[in-house]
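Structure, as structure tokens:
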Amino acid sequence: MNQAALEKITFIPKSSKIITFLLITCSCITSTTFGYDASMINGLNILPSYTDYFHLNTATLALNTASIWIGGCLVAFCYGQFTDWVGRRPALLWAALITVFAVILQTAAQNVAMFVIARILIGFGTSASGLCGPVYLAETLPFQRRAWGLGVFNDFYYVGGLIAAGITFGTSTMNSTWAWRIPSAIQGVFSIICIIIIHFIPESPRWLIYQNQHEEALKVIAYMYADGDRENPLVVAQFKEITDTIDYEKTSGETLSMMQLVKTPSARKRVTLAISAAVFSTIAGIYATVAMLFLFQGSYSIGWTPLLYLYPPEVMNYSIRANGMAIFQFALNGTALWCVFAFPFALVAIGWKTYMINGAYDVLIIGLMAWYWVETKGTSLEEVDRVIDGEKHSNVPDLKSVLKGEGKLF
């Protein structure tokens, strides 16, 4: 389904608050599904009805668990360009449909091969959502709600984990294969909810402007900022700021290709910032990780959990945002896959010293962030250009000034 076909069955509310709520709810399905899967597979790994049915050994058990990250890595090679082509909203829809199909396949699995293929597809679908979902939120939410909306996006990982823990505990007493098939089937419910909500939310105004659909983009911005009021100063300023910046990117020769990711120093810096967030969040660990597990988990959840999907789409400009998030997903899933296979060997070889190495990463991470990262607080996506490129590519006042009534538009 493309943008034109989806538009025919779209019913957008005229309340900015309702649209914001629906946008965040739809996009947060990604983390809910991923959190559900992580908790579910941990629960299934100790179920005799699951391990006996597939005749699992250490190798196949690890493969069943890690295959989801293989699918996540595959997303990097195609889904960024697909998101630029069909639009943010249809891309999110297709990601949800792929996940539902994969869940059906996983639930009906008859052997290890079928189960692994299903999990690779689940990894592809959820990572595809993790690619286009943050892009969609960052480009569509009002700038003053963007940090909150993107921050809560990844927090729903724990919501999914809690639900899966309860369901797998409830089915654990079953003696049939339904002990693991029921949790597998329920995993698809979240994506079905996403598919339903998509018909009540608008397309990204930045994607629409890039496609020269300016009238539709203005309508979306008005809905997001002012309940449909096109004369609102924030609406006027944001529309012009986006239009000016995208016009600048087009006229300066920036394209939506993968090569654009490394074409200029600015693009390379933006992509490096996104990749660093993926790697840092995965390898982070304090020296007493085991003894202070709850303290570590709490501080990690306050810091890295909301930041992981908030920072990358903010630091990338429109031309590289979708493809940049594809590279981000590759780095995130690749690092996770490496950790899954490498850390058990490290524990066998050097034991508790593994946690010392894991904790020592934090010292390096703090230094690199202080030296290389840029601040995006309180800016629109277009205003981040000033921090990275040294200039803003529009002559309208910053939206923060317009919001306070200090900036003059014309």
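Values computed for the structure shown
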item: Residue selected from the range 156-176 under the condition crowded, with 18+ Cβ neighbours inside 10 Å and out of contact with any Leu (no Cβ under 8 Å at 6 or more places or on another chain), by the criterion farthest from ALA109 (Cα to Cα); result: PHE156
item: Listing of helices (runs of 4 or more DSSP H) fully contained in the range 343-408 that carry 3 or more residues being open to solvent by 80 Å² or more (accessible area, probe 1.4 Å); result: 353-372
item: Residue in the range 220-233 that is nearest to LEU93 (Cα to Cα), counting only those that are in contact with a Lys or Arg (Cβ under 9 Å, 6 or more places away or on another chain) and open to solvent by 70 Å² or more (accessible area, probe 1.4 Å); result: ASP227
item: Wholly enclosed helices (runs of 4 or more DSSP H) of the range 46-90 bearing at least 3 residues among the β-branched types (Val, Ile, Thr); result: 58-75
item: Index of the failed condition, GLN110 passing every other in (1) farther than 30 Å from PHE54 by Cβ; (2) surrounded by fewer than 21 Cβ atoms within 10 Å (Cβ to Cβ); (3) among the polar types (S, T, N, Q); result: (1)
item: The range 153-192, residues that are touching a residue at least 24 places away in the same chain (Cβ under 8 Å) and touching a Pro at 6+ places or on another chain (Cβ under 8 Å); result: PHE153, ASN154, ASP155, ALA164, ILE167, THR168
item: Test: residue in the range 16-32 that is among the basic types (Lys, Arg), open to solvent by less than 10 Å² (accessible area, probe 1.4 Å) and either modelled with pLDDT of 90 or more or assigned to a helix (DSSP H, G or I) (or both); result: no
item: The range 200-215, residues that are buried (at least 17 other Cβ atoms within 10 Å of the Cβ) and either charged (D, E, K, R) or farther than 28 Å from GLU382 by Cβ (or both); result: GLU203, ARG206
item: Every residue from the range 234-259 that is open to solvent by 10 Å² or more (accessible area, probe 1.4 Å) and polar (S, T, N, Q); result: THR243, THR251, SER252, THR255, SER257
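The values are calculated or read from the model by the stated rules, or taken from the named source; none is laboratory data. Computed from a predicted structure; not experimentally measured. Cβ: placed from backbone, ideal geometry, glycine included. Neighbour counts: every protein chain shown. We work out accessible area using only protein heavy atoms, side chains counted, and drop any ligands, DNA or RNA first. Shrake-Rupley method; radii C 1.70, N 1.55, O 1.52, S 1.80 Å.
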